[in-house]
Amino acid sequence: MSTPSSPAASAPRLGYLDALRGVAILMVVLVHVGLELRPYGLPTVAPVRIVTEYGQMGVQLFFVVSAFSLCVAHERRSADPHRLRTFFIQRFFRIAPLYYVGILAALLLGMVQNADRGEARLVPAVFTVPGVLCNLFFIHGFVVRAYAVVRGGWSMGTEMAFYLCFPPAFRLVAWIGRRGLRPLALAWVGCFAATLAFYSWLTDGFLIAVLNSTSLYFNLANQLPVFMAGLVAYFVRREGWWRPTRPVALAGFAVLTAGAMALEQSSLPYAFVLLPSVSGLAFVLLLEGFAQWPALSAGWLQQLGRLSFSIYLFHSAVVYLVTRHLFASPVWNAWAVSRQILIFALTVGITAFVAAVTERWIERPGIALGRRLAGSGGKVP
């Protein structure tokens, strides 16, 4: 059990991880604003469209940060004889209470959308009872016909699956890490190669496209190299095996991101198998850049990061209402980029306000309940 003087309880949050969460949520909001504007033929400027679409990789940035922060928290609890029980209880109550409220909000939004379209059904047809149950049990990423009720909510199921894998994965990576950087790097390459081999077999030699809107993309098998990149990054940074300078880290991030954007725009049927892993490596370098350059971790970005889970769950409703009810007039068509910027800014501002309320009255009490049940006062980095 963590006491007030224990490392788990007294260690401060890592500001650069919160800042990276802030970057991730801005990316996710950006892509969903772009998707909501598609019926209006926006965005029309190719570079803006490419950057907007790449915002979907904000989820992979969340995954890298999640894996890294889990390692930090796990080692802080090394003296806790019940740290596995503590880990699973706290992880569930970190996610589930607010996520269930998010599902309810998404169902209500579905009713509003159906009413706006004049449809007779109360909720969209994709919201089936079995599908909603799959969401409640976090298995919707593994069920082909289960639709994520919360927009982007597929990541909740993937995140929970990774939590189940984390303790043995941490031990395995730590064991490999004792042998140095090269075996650790090879372990990640092996994980990535195994993912490619699995999808080659699953899709009959890549003859079937893996789309980013299907369970083939959502499930843990496709996203595991991203989480593993975060695990490896933690041990590499902890041991000081490789510490690129800030310009090298950020330049490497820029090069890999440019490659990932090109991959995303390509017609390769397996692009969405490669894309998460390439982006994951890019975000490892971004993490290193933020860790070395405190000026990047601005206070407002850290605050967004602390609210990011609430923003993630509730921003879609704000995007829809702002786009369809404030900026739906054709007069805005002449101001394509300005329209997108305004919707993006309003969405972030309004959702951050809503998130501050839900974080205070739902998320934090859920986390506190998890700590009480686990008998631990440890803080999440």
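Read the figures in this text as sums done on the coordinates, not as results from a lab. Because the structure is a prediction, the values reported are computed rather than measured. Don't worry about glycine lacking a Cβ; one is built from the backbone with ideal geometry, like all the others, and counts go over all protein chains shown.
Of all the options V232, V28, V112, the one that moves most in a Gaussian network model of the chain with Cα springs shorter than 10 angstrom is V112. Taken along the Cα-to-beta-carbon direction at a fixed 7 Å, the label points for A79 and V357 span 4.2 nm.
Taking other C-beta atoms within 10 angstrom as a stand-in for reagent exposure, M27, M156, M111, M228 fall in the order M111, M27, M156, M228, fewest first. Remark: region 309-320, residue by residue, has Karplus-estimated 3J(HN,Hα) of 5, 5, 5, 4, 6, 10, 5, 4, 5, 5, 4, 5 Hz, where x stands for each Gly or Pro and the curve is 6.51 cos²θ - 1.76 cosθ + 1.60 at θ = phi - 60°. Between L342 and Y100, the simple label model (points 7 Å from Cα in the Cβ direction) yields a spacing of 4.1 nm. Relative contact order for region 15-73: 48 percent, from Cα pairs under 8 Å spaced at least 6 residues apart, divided by residue count.
A Förster radius of 51 Å combined with the Cβ-Cβ distance from L373 to V45 puts the calculated FRET efficiency at roughly 0.50. 3J(HN,Hα) couplings calculated from phi for region 95-101 with the Karplus curve 6.51 cos²θ - 1.76 cosθ + 1.60 (θ = phi - 60°) are, in sequence order, 9, 4, x, 5, 4, 5, 5 Hz; Gly and Pro show x. Built from the Cα atoms of region 139-184, the convex hull projects on average onto 4.2 nm², one quarter of its surface area.
Approximating the spin labels as points 7 Å out from Cα along Cα→Cβ, the Q292-to-R13 distance works out to 2.6 nm. Normalising the average separation of contacting C-alpha pairs (under 8 angstrom, six or more residues apart) by the number of residues puts the relative contact order of the chain at 34 percent. As an equivalent ellipsoid, region 195-321 spans semi-axes of 28, 22, 14 angstrom, where each value is the square root of five times an eigenvalue of the C-alpha gyration tensor, largest first.
Rounded to the nearest 500, the helix-only mean residue ellipticity at 222 nm of the chain stands at -23500 deg cm²/dmol, with each DSSP H run of n ≥ 4 adding -39,500 (n - 2.57). For the chain, with a Gaussian network of springs between Cα atoms less than 10 Å apart, report the residue from A317, A120, A260 with the top mean-square fluctuation. Result: A120 has the largest fluctuation of those listed. For the residues A115, A233, A67, a GNM of the chain with alpha-carbon springs under 10 Å puts the largest fluctuation on A115. For region 156-171, putting each phi into the Karplus relation 6.51 cos²θ - 1.76 cosθ + 1.60 with θ = phi - 60° gives couplings of 5, x, 5, 4, 5, 4, 5, 4, 5, 7, 4, x, x, 5, 4, 5 Hz, in residue order, rounded to whole numbers and with x for Gly and Pro.
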